[in-house]
Structures are given as C-alpha cells and as structure tokens.
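Derivation of every value follows stated rules applied to the coordinates shown; laboratory data play no part. Since we're looking at a predicted model, the values are computed, not measured. Counting neighbours? That spans all protein chains shown, and the Cβs are built from the backbone with ideal geometry, glycine included.
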Amino acid sequence: MIDLNRLRVFRAVVHSGTVHAAAANLGYSPSAVSQHITALQRETGLMLFEKSGRGISPTPAGIALVTGSEDVIEAAGRLEGLVDDLREGRTGSLSIGTFPSAGQYWVPEVARTLSAEFPSLLLNLDLIDVTDGPRSPYDIELRAEDPSLGPTHVEGHRRFELLEEPYVAVLPAAHPLASQSQVALTDLAGERLIAEGMADTTCSGILRRAYAASGASPRYVARSSDHHAALGLVAAGLGITLLPRLAMGRLDDGLVQRPVSGEAAPRRRIVGFVSEGAAPRRAVVRAVQLLHEVARRREATAA
C-alpha cells in the first residue's frame with residue numbers, strides 16, 4: 001500500500017523542482033522531505049529521482065508515477081472533504097446540469113453563496129444544450145420549457161418552477177425596426193434572421209411554434225448553438241436574432257433590444273429538477289433556495 005502523504009510530498013518535489021522548494025511549500029524541513037522520498041522509493045521499489053547537474057530530476061518512472069497518481073490524489077482530496085462534510089453535517093458534492101445562459105448568469109451567484117456556506121463542497125457543473133429527455137444524471141438540472149405545452153417530467157426528480165420570461169428581438173441600433181418600441185413576429189417577415197439554438201433544442205421549438213401561430217415565415221440566414229455567437233453575428237450586421245431575456249445579457253454598443261409583442265409572442269419557462277435521492281441534503285436544499293432567490297431578483301430587475 002502506497003502512503004498517500006509520501007506520494008503528496010513526492011509530487012510536491014516534482015512540481016516545485018527542488019527538495020528545498022517543496023519543503024518551503026509544505027512547511028517541512030528539507031531532511032524530512034528527503035526521508036519521505038527515500039521511504040516512497042523503498043515502498044514502491046522504484047528509483048524516482050536521479051541527479052541532474054547540482055540538483056535532481058524525476059526519472060521516467062517518477063514522471064509516470066506523477067501522471068498516474070493525479071486521479072488518486074484528487075479522489076483522496078474529495079474523500080477527505082467528504083469526511084469533513086459528514087463530520088460537520090455537510091454534503092461532499094453537488095452536480096448541476098444547466099443550459100448555457102443560466103449557467104452563465106445564475107449558477108455563479110448560487111455557487112458563490114454555496115462556497116461560502118459549504119467550504120468543502122465540490123460543485124460539478126455541466127452545460128448542456130438538449131435537455132428534454134426523461135432522465136437526468138444530476139442532483140439538480142435546469143431546463144427550459146415551452147409554456148404553451150404541458151410540463152416536462154424527469155424520472156426520480158422533483159420539478160420546481162423558477163420563472164417565465166419573454167423573448168426579445170436584438171438588432172442593430174441603425175436598423176429601421178429599432179425605431180419601434182416593440183416588434184411583432186409579423187414585422188420580421190422578410191428580415192434576415194439568426195437562429196439561436198440548434199434545430200432540436202427547446203428554444204428552437206418555442207420559436208418554431210410561435211412563428212407558426214403568427215402566420216409569419218422566418219427567413220434564417222445563419223444558425224448558432226451559442227447565444228454569444230448569435231449576438232456577434234447581429235453586431236456584424238448579418239441580421240436580427242430573437243433571444244430569451246436571460247440570454248440577452250448586457251448588449252454591446254450599437255445593439256438594442258425590443259420586446260416581442262402580439263398574441264404569438266414567444267416565451268419560455270425556466271424550471272428545475274432535483275433528484276429525489278439528493279433532495280434532503282443540506283447543500284441541495286440550499287441550492288434550490290438560492291435558485292428561487294436569483295429568479296425572483298431577475299424578475300424584479302426586469303419588471
């Protein structure tokens with residue numbers, strides 16, 4: 001069995017470059033570091049360092065041990081954090097799957113508070129575009145829904161609603177439609193449009209159904225899976241894009257946003273799903289509370 005503390009000391013020497021530098025970083029004496037390295041070499045049966053000029057450098061076996069121990073050291077760190085969390089009544093990790101705009105504008109606020117209240121919490125965040133399947137591997141998953149359709153469901157998860165938001169049209173300030181206080185989908189007939197979201201995403205479906213309800217036929221000249229790229233194309237003069245209000249963020253100079261009006265105006269609902277198994281954990285309960293708080297602030301700011 002390899003002693004993890006000796007392994008950490010060995011890795012510190014490799015990454016620091018010298019025994020003295022590693023000793024200073026670890027708060028050990030140089031002789032104590034050398035003793036750990038000698039013991040690890042005896043333990044593994046490997047020569048981990050060789051002389052190089054006035055110093056030492058890792059052998060090929062030493063380099064391989066550093067590389068191969070990355071996952072072990074990370075896992076050990078997580079295990080130590082879990083033990084601390086269990087001792088203090090905290091959870092060890094929290095996984096969140098989210099669509100990009102919520103990942104950019106909401107999750108960082110939640111993460112900042114969670115980090116302060118649960119210092120040992122490991123937050124795993126995945127940005128996912130297509131989020132409409134019946135299953136989820138996450139403790140919490142944020143999804144977009146079309147309010148004109150029924151609510152979605154995820155096996156083994158509880159659903160909670162956060163907010164419903166309108167779409168806005170983003171266009172160059174010099175565009176003729178920018179002089180209007182609001183824009184209807186029928187006003188966009190014949191205009192060059194940039195689709196934000198690929199064809200199989202929830203947001204694309206929302207726009208597709210909204211255009212069909214309005215009787216207008218969109219003329220797309222570009223499609224982007226990323227709202228930042230869509231805004232960049234608008235700034236470059238390629239056309240107009242429709243975005244959920246959250247995805248709009250802060251617009252660059254030269255761009256303006258106008259509310260989309262009319263009975264067929266698109267809207268999306270933002271919801272969350274929390275795993276039944278994870279729901280009782282303190283960090284998960286707090287994360288759901290924080291998501292509701294962020295959503296309320298967002299609604300108040302937009303009102």
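What the table shows:
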item: Residue among 149, 188, 233 with the largest mean-square fluctuation in a Gaussian network model of the chain, springs linking Cα atoms under 10 Å; result: 149
item: Over the range 137-212: Rg over Rh, Cα atoms, Kirkwood Rh; result: 1.06
item: Between the range 285-300 and the range 54-68, the alpha-carbon center distance in angstrom; result: 49
item: Rg over Rh [alpha-carbon atoms, Kirkwood Rh] for the range 156-263; result: 0.97
item: Order by protection proxy (mean Cβ within 10 Å, highest first), peptides 20-32, 264-276; result: 264-276, 20-32
item: Extended-chain gain in nm, criterion 0.36 nm per residue less alpha-carbon gap, residue 217 and residue 252; result: 9.8 nm
item: Cα-based equivalent ellipsoid, the range 212-303: semi-axes from gyration tensor eigenvalues, Å; result: 32, 17, 15
item: Choice from 13, 83, 221 showing the highest fluctuation, given a GNM over the chain with Cα pairs closer than 10 Å; result: 13
item: Residue 5 paired with residue 32, simple spin-label distance in nm, labels 7 Å along Cα-to-beta-carbon; result: 0.9
item: Cβ charges +1 (Lys, Arg) and -1 (Asp, Glu), total dipole of the range 89-303, debye; result: 260
item: Estimated 222 nm signal from helices in the chain, with DSSP H stretches of n ≥ 4 weighted -39500 (n - 2.57), rounded to 500; result: -13000 deg cm²/dmol
item: Normalised contact order of the range 4-68, rounded percent, pairs of Cα under 8 Å and 6 or more residues apart; result: 28
item: Contour minus Cα-Cα distance for residue 200 and residue 180 (0.36 nm per residue); result: 4.0 nm
item: Nitroxide proxy distance, nm - points 7 Å out along Cα→Cβ at residue 80 and residue 164; result: 5.0
item: Chain lengthening between residue 64 and residue 228 when straightened (0.36 nm per residue, less Cα-Cα); result: 55.0 nm
item: Degrees, to the nearest 10: 30-44 long Cα axis against longest axis of the chain; result: 90
item: Rg(Cα)/(2.2 N^0.38 Å) for the chain, N = residue count; result: 1.38
item: Estimated FRET transfer efficiency (residue 44, residue 124; beta-carbon r; R0 25 Å; 0.05); result: 0.20
item: Compactness of the range 4-68 as Cα Rg over 2.2 N^0.38 Å, two decimals; result: 0.99
